[in-house]
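The values are calculated or read from the model by the stated rules, or taken from the named source; none is laboratory data. Since we're looking at a predicted model, the values are computed, not measured. Cβ placement follows ideal geometry from the backbone for every residue including glycine, while neighbour counts extend to all protein chains displayed.
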Amino acid sequence: MKYNNITRAKFINRPNRFIAEVDIEGHKEIVHVKNTGRCKELLIPGCEAWLNAPGTPERKTKYDLVAVKKSTGVLFNIDSQAPNKVVKEWLSEQDYDVVIPEYKYGNSRIDFYMEKGEEKYLMEVKGCTLEFDGIGYFPDAPTERGVKHIRELIKAKQEGYNASLAFVIQMDGVTEVRPHIETDPEFGKAFEDAKKAGVEVHFLTCHVEPEELRITN
């Protein structure tokens, strides 16, 4: 997944979860933050950031903040829409006969429905942008929606689907994601229940560039 154009900036602050102030070559700009999570370990005043200008008419902000470099020097893609886009590309290369995004199942929309022969698959995708000591964690803010989707996957597994939860790791060098129980114990419980029920958990490792997010394994 690639962005059409990227601009380098310096992060100043985040007045609320939707916008941030950045410095672009001495000019202060208000930009949209494409991640409603906390990202407090990443969005540190003075850190390097990268912006995408999608060119959408009648926007209030010209730029989206899509990537940031952590104090460790690791580059993170923080675009919450990127995981589904990059997984859609990846699934198109995995020999499925059918790939349908945003599939209605139960009381939810699961990110992907696939078919391969007679087998039916459901996959829910989560983007991981939280990391401590080389381990990824999810979520970085409570997510009732995430818990609901996991419960739907458990139900789907019981009904004969191949059900999976896929974490897109939006940074280099991390190969595992664990539930961030301190932030959302209910998600942690649902995660363990899903594994016991036979829901597969995939860790999709990625390579990140300011203008690109690519699944590597």
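For residues in region 195-215 being assigned to a helix (DSSP H, G or I) and of a type in the set (Lys, Arg), which is surrounded by the fewest Cβ atoms within 10 Å (Cβ to Cβ)? Only one residue fits best here, namely 196.
Taking the conditions (1) more than 25 Å from residue 145 (Cβ to Cβ); (2) part of a strand (DSSP E or B); (3) in contact (Cβ under 8 Å) with a residue 24 or more places away in the chain in turn, residue 28 satisfies each one other than (3). Residues in region 168-189 that are part of a strand (DSSP E or B) and crowded, with 22+ Cβ neighbours inside 10 Å: 4 in all. Whether any residue in region 78-93 is loosely packed, with under 12 Cβ neighbours inside 10 Å, part of a loop (DSSP other than H, G, I, E, B), without any contact (Cβ under 8 Å) to a residue 60 or more places away in the chain and not aliphatic (A, V, I, L, M) is what I want to check. Scanning region 78-93 turns up at least one residue that is loosely packed, with under 12 Cβ neighbours inside 10 Å, part of a loop (DSSP other than H, G, I, E, B), without any contact (Cβ under 8 Å) to a residue 60 or more places away in the chain and not aliphatic (A, V, I, L, M). Look at residue 192 and say whether it is in the same structural domain as residue 135 (by TED's automatic domain parsing) and either surrounded by 20 or more Cβ atoms within 10 Å (Cβ to Cβ) or not in a loop (DSSP other than H, G, I, E, B) (or both). Considered against the rule, which asks whether it is in the same structural domain as residue 135 (by TED's automatic domain parsing) and either surrounded by 20 or more Cβ atoms within 10 Å (Cβ to Cβ) or not in a loop (DSSP other than H, G, I, E, B) (or both), residue 192 comes out as yes.
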